């Protein structure tokens with residue numbers, strides 16, 4: 001872990017309390033503990049502001065960050081995604097056998113809306129079937145509201161359900177899933193998490209720095225994995241499924257870190273008990 005430095009955005013997002021507020025003093029202290037200078041943190045905050053995810057009150061270390069409504073919706077969507085992963089690993093989220101089609105046609109003069117829908121569907125793990133048509137085993141409509149806006153979804157998005165996908169190389173459901181979401185790419189996305197879990201846990205007895213940096217290391221790797229994992233139902237993946245094993249190992253390590261630092265307010269959504 002000596003060479004590890006977290007992504008500045010990871011540090012900023014780690015510091016929000018359940019009310020959606022983060023002290024910039026705490027943000028900079030956490031960044032320093034993880035070996036980051038102030039400037040990358042300031043840039044990360046500006047980018048989050050520009051994206052409409054946070055707003056800042058006050059300047060410098062005395063300032064405060066607040067999640068905007070859009071930021072809260074995105075945080076809620078992320079929490080639902082993590083909860084789905086936990087449920088799948090526990091065998092509590094069986095597939096209902098339905099494919100969800102999400103399609104839209106946006107006029108050229110509203111290209112930004114089209115790009116926003118396409119980017120949001122991709123981030124949520126949907127696969128493109130044709131221009132403007134995406135498929136997922138999950139109903140993504142409400143999560144798309146969090147990623148874009150209610151007005152955008154209600155104006156352009158059409159959804160439908162199907163029991164079968166047919167086409168070149170599709171075959172049965174598992175074959176279709178492999179064609180649209182190759183297993184190897186998803187497994188590879190978990191490699192940083194596997195490497196983080198192979199490292200020795202942070203030492204106890206050195207204040208909060210060890211647990212903080214260990215938590216950031218794990219959260220960075222776990223977040224990277226989930227960004228590239230469509231979380232297909234277990235019925236559509238090989239068994240055993242390596243990402244499930246790694247997620248269970250992550251939860252065990254995360255619980256151990258939280259026991260070392262019970263007041264640590266990092267990534268509450270990652271907690272199995274949250």
Restricting to segment 62-84, give me the number of residues that are within 18 Å of residue 13 (Cβ to Cβ) and part of a helix (DSSP H, G or I). 15
All-but-one check, residue 259 against (1) within 19 Å of the chain's Cα centre (by Cα); (2) modelled with pLDDT under 90; (3) farther than 22 Å from residue 4 by Cα, failing number (1)
Of those in segment 55-70 that are touching a helix residue (DSSP H, G or I) at 6+ places or on another chain (Cβ under 9 Å) and under 13 Å from residue 17 (Cα atoms), the residue surrounded by the most Cβ atoms within 10 Å (Cβ to Cβ) is 65
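Can you name every residue in segment 122-151 that is in a loop (DSSP other than H, G, I, E, B) and within 19 Å of residue 72 (Cα to Cα)? Even if it seems obvious, please write down each step before you answer.
Initially, segment 122-151 is screened for residues in a loop (DSSP other than H, G, I, E, B), giving 124-126, 131-132, 137-140, 148-149.
The answer is 124, 140, 148, 149.
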For segment 19-46, name all the residues that are part of a loop (DSSP other than H, G, I, E, B) and closer than 22 Å to residue 76 by Cβ. 19, 20
Selection status of residue 124, in contact (Cβ under 8 Å) with a residue 12 or more places away in the chain, in the same structural domain as residue 155 (by TED's automatic domain parsing), surrounded by 13 or more Cβ atoms within 10 Å (Cβ to Cβ) and farther than 20 Å from residue 14 by Cα: yes
Which of the residues that make up segment 47-61 are in a helix (DSSP H, G or I) and free of Cβ contacts under 8 Å to residues at least 12 places away in the same chain? 49, 50
With criteria (1) in contact (Cβ under 8 Å) with a residue 24 or more places away in the chain; (2) within 20 Å of residue 229 (Cβ to Cβ), residue 101 comes up short on (2)
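Before we move on, is residue 187 surrounded by 11 or more Cβ atoms within 10 Å (Cβ to Cβ) and part of a helix (DSSP H, G or I)?
Judged against the criteria, residue 187 is a match.
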Members of segment 104-121 that are surrounded by fewer than 18 Cβ atoms within 10 Å (Cβ to Cβ) and outside any helix (DSSP H, G or I): 105, 107
I'd like to know if segment 155-165 contains one or more residues that are over 20 Å from residue 177 (Cβ atoms), touching a helix residue (DSSP H, G or I) at 6+ places or on another chain (Cβ under 9 Å) and surrounded by 14 or more Cβ atoms within 10 Å (Cβ to Cβ). yes
For the condition touching a helix residue (DSSP H, G or I) at 6+ places or on another chain (Cβ under 6 Å) and closer than 27 Å to residue 251 by Cα, what is the one hit in 22, 83, 14, 79? 79
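The values are calculated or read from the model by the stated rules, or taken from the named source; none is laboratory data. Everything numeric here is computed off the predicted structure, so don't read it as measured data. Glycine gets a Cβ as well: all are built from the backbone with ideal geometry, and neighbour counts include every protein chain shown.
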